[in-house]
Amino acid sequence: GSVPQGLLIDGVTEEWEGPSAFALDNPTQITAGKISSDRLREHPVRIRGAVDTNAMYLAVEVSKEKRGWTQNRLGKGQFNMDSVELFFRTRVREVDWLDPAYRNGDIKLSLAQDSEHPEQKHISVDRGDAFVSTNGIAFAFSDMAVGPGSVCEIRIPWTALTDFQDGKPDFLGFDMSINLSEDGNTRTHQYTWSGTGDNWRDTRRFGILKVQ
């Protein structure tokens, strides 16, 4: 969709009235933990996305049962609390999609922000460090405005992906996982847009975005 006017990457999604939300409401998209079908139907994860010539923008809203945004393990083990994992495949036409291995142009990022010290943020480049620069990547987490839950806004400049220095691509291999902690100690749930909980080692279920 089109980039919302006046968009700020601040964890507040009021500007995202325009782009329609994509709902993660299928039980197959729960890739860790268990959530009842009724709750998933009533409180799906909502993802909004937009692109322009400079960047890709994402907004994620996640309803939780017990607590809001919870993260105090930046760096090692941040997937065990509220965080977002992004997967990119920049060389869509050059790889064998039946091969599970990470290849040149395949990237995995993990984004987290300390909920007690929000000035502290961390981007972990878990795969493909030769094909991404974290400079210019912006993100912010916050509590949902109504009810327990978390919000994350993200901006990924095309130039952060080293294969796209000339601007946005036509197609992009992509996936996203959202990790949640309800007990404040460990990950209790994970939602994934396209793939499985094995995305960190198996690329075969990445989706493909047509960038418009």
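Working carefully through the options Phe139, Phe87, find the one that is more than 20 Å from Thr203 (Cα to Cα) and among the aromatic types (Phe, Trp, Tyr). Spell out the reasoning first.
Working: Phe87 fails: more than 20 Å from Thr203 (Cα to Cα).
Exactly one residue qualifies, and that residue is Phe139.
Scan segment 108-115 and give yes if some residue there is under 27 Å from Leu7 (Cα atoms) and in a loop (DSSP other than H, G, I, E, B), otherwise no. Yes, segment 108-115 has at least one match. Filter segment 37-48 for residues that are in contact (Cβ under 8 Å) with a residue 40 or more places away in the chain and open to solvent by less than 30 Å² (accessible area, probe 1.4 Å) and give the result. If the condition is that a residue be in contact (Cβ under 8 Å) with a residue 40 or more places away in the chain and open to solvent by less than 30 Å² (accessible area, probe 1.4 Å), then Val45, Ile47 are the ones that fit.
In the condition set (1) buried (at least 17 other Cβ atoms within 10 Å of the Cβ); (2) more than 15 Å from the chain's Cα centre (by Cα); (3) closer than 19 Å to Gly33 by Cβ, Ala160 is compliant with all but (3).
Here segment 122-158 is the region considered, the condition is being of a type in the set (Val, Ile, Thr) and touching a residue at least 60 places away in the same chain (Cβ under 8 Å), and the residue that is nearest to Tyr102 (Cα to Cα) is Ile156.
One line per residue, one yes/no per condition, for (1) under 11 Å from the mean Cα position of the chain (by Cα); (2) of a type in the set (Lys, Arg); (3) over 17 Å from Asp106 (Cβ atoms):
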residue: Lys168; (1), (2), (3): no, yes, yes
residue: Phe174; (1), (2), (3): yes, no, no
residue: Asn179; (1), (2), (3): yes, no, yes
residue: Gly184; (1), (2), (3): no, no, yes
residue: Thr188; (1), (2), (3): no, no, yes
residue: Thr192; (1), (2), (3): yes, no, no
residue: Gly195; (1), (2), (3): no, no, no
residue: Arg201; (1), (2), (3): no, yes, no
residue: Arg205; (1), (2), (3): no, yes, no
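Scanning segment 58-84 for residues that are assigned to a strand (DSSP E or B) and either open to solvent by less than 20 Å² (accessible area, probe 1.4 Å) or in contact with a His (Cβ under 7 Å, 6 or more places away or on another chain) (or both) yields Leu58, Ala59, Val60, Val62, Ser63, Ser83, Val84.
The values are calculated or read from the model by the stated rules, or taken from the named source; none is laboratory data. Keep in mind it's a predicted model, so treat the numbers as computed, not measured. Please note: Cβ atoms are built from the backbone with ideal geometry, for glycine as well, and neighbour counts cover all protein chains shown. Calculation scope for accessible area: heavy atoms of the full protein, side chains included, ligands and nucleic acids excluded. Shrake-Rupley method; radii C 1.70, N 1.55, O 1.52, S 1.80 Å.
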